[in-house]
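Shown next, in structure tokens, is the structure this report addresses.
The values are calculated or read from the model by the stated rules, or taken from the named source; none is laboratory data. Just so it is clear, the model here is predicted, and its values are computed rather than measured. Glycine also receives a Cβ, built like all others from the backbone with ideal geometry; neighbour counts cover every protein chain displayed. For accessibility, only protein heavy atoms count, side chains too; no ligands or nucleic acids. Shrake-Rupley method; radii C 1.70, N 1.55, O 1.52, S 1.80 Å.
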Amino acid sequence: MTDAVLEVVLRRDRALVAAALLVIVALAWTYVLWLAADMDMGGMDMPDFRMVPAGAGLMVPSTAPWHAIEFVFVFAMWAVMMVGMMTPSAAPMILIYARVARQAALERKPFAATSWFAGGYLLAWGGFAFVATLAQWAVERLGWLMPSMAGASGVFSGLVLIAAGLYQWTPLKYACLRQCQAPLQFIQQHGGFRAGATSSLALGARHGAYCVGCCWVLMTLLFVGGVMNVLWIAVITILVLVEKLVPTGHVISRILGAGFLVAGVWLAIRAL
């Protein structure tokens, strides 16, 4: 392959990466919409049963313990949902990687494929999905989550909102958000992009860990509005994008925190 042909191919790499990210997000949202539609139809008049997010109308008695297969389906739901919600906000960093990798390839110093970096990022959110699955199991066992996967207790929902509101004002939230808002600064602070596949995977996972630290509390709000409430999922996705992509995201984050706090106190008092 001549240098000219190589340059043309690499120049198209960012476009291919962007298209791949778009397809991944579309597939993830399609899966979420499919599960949500199945759960809406399957559990309409059966309050004593809970829907298993399998897309096949599976139901079990609401008092029955979870089986291993249900845990797998719930984990898959959370994992795919995190892909759909978080990939758009990670796209700038992933595209920067693709651009730098293209330049490195032209200089005969190739990096690992962009998929390694993106995979590391999503791996971090896969870890969060596992924790969220455990949390859903625990909350459901305590009777704080309805079979429809929405909050069953006003006090519980209020406390979640209060905790979310307080976290939005913490130094940890701000530190993680700052890393997510400045991709180039993150790369400079962590030694630049890596040529090796495992090193690139680790760097992507580290970036994902910062994003988990920034956004995990927003994901807990799904236990309030409904884990499979598509509108609620979309709203939280937009909030994540605004916080990370708008220059004044830290101000918006604190305004949201104040709103969550007020709403949480109101809900908790109303439920007492």
Only listed residue being open to solvent by less than 50 Å² (accessible area, probe 1.4 Å) and either aliphatic (A, V, I, L, M) or modelled with pLDDT of 85 or more (or both), chosen from ALA202, ALA118
ALA118
In region 239-267, how many residues are hydrophobic (A, V, I, L, M, F, W, C), at pLDDT below 90 and part of a helix (DSSP H, G or I)?
1
Of all residues in region 127-145, how many are surrounded by fewer than 17 Cβ atoms within 10 Å (Cβ to Cβ) and either over 28 Å from TYR210 (Cβ atoms) or not hydrophobic (A, V, I, L, M, F, W, C) (or both)?
4
One residue from THR30, THR87 being open to solvent by 80 Å² or more (accessible area, probe 1.4 Å) and either within 20 Å of ALA18 (Cβ to Cβ) or touching a strand residue (DSSP E or B) at 6+ places or on another chain (Cβ under 6 Å) (or both):
THR30
With the first residue restricted to region 183-206 and required to be more than 19 Å from ALA124 (Cα to Cα), and the second required to be open to solvent by 50 Å² or more (accessible area, probe 1.4 Å) and at pLDDT below 80, Cβ contacts under 8 Å at 6 or more apart or on different chains are ALA195/LYS109; ALA195/PRO110; ALA195/PHE111
Which condition number does ALA68 fail, the rest of (1) modelled with pLDDT under 85; (2) over 20 Å from the mean Cα position of the chain (by Cα); (3) farther than 20 Å from ALA124 by Cβ being met?
(1)
PHE260 fails exactly one of (1) open to solvent by less than 50 Å² (accessible area, probe 1.4 Å); (2) over 22 Å from the mean Cα position of the chain (by Cα); (3) of a type in the set (A, V, I, L, M, F, W, C), namely (2)
Run down TRP137, TRP78 and say which single residue is under 18 Å from THR237 (Cα atoms), assigned to a helix (DSSP H, G or I) and hydrophobic (A, V, I, L, M, F, W, C).
TRP78
Please work out which residue is nearest to ALA135 (Cα to Cα), limiting yourself to region 213-251 and to residues that are β-branched (Val, Ile, Thr) and surrounded by fewer than 16 Cβ atoms within 10 Å (Cβ to Cβ).
VAL230
Which one is least open to solvent (accessible area, probe 1.4 Å), of the residues in region 168-196 that are more than 17 Å from THR248 (Cβ to Cβ) and among the aromatic types (Phe, Trp, Tyr)?
PHE186
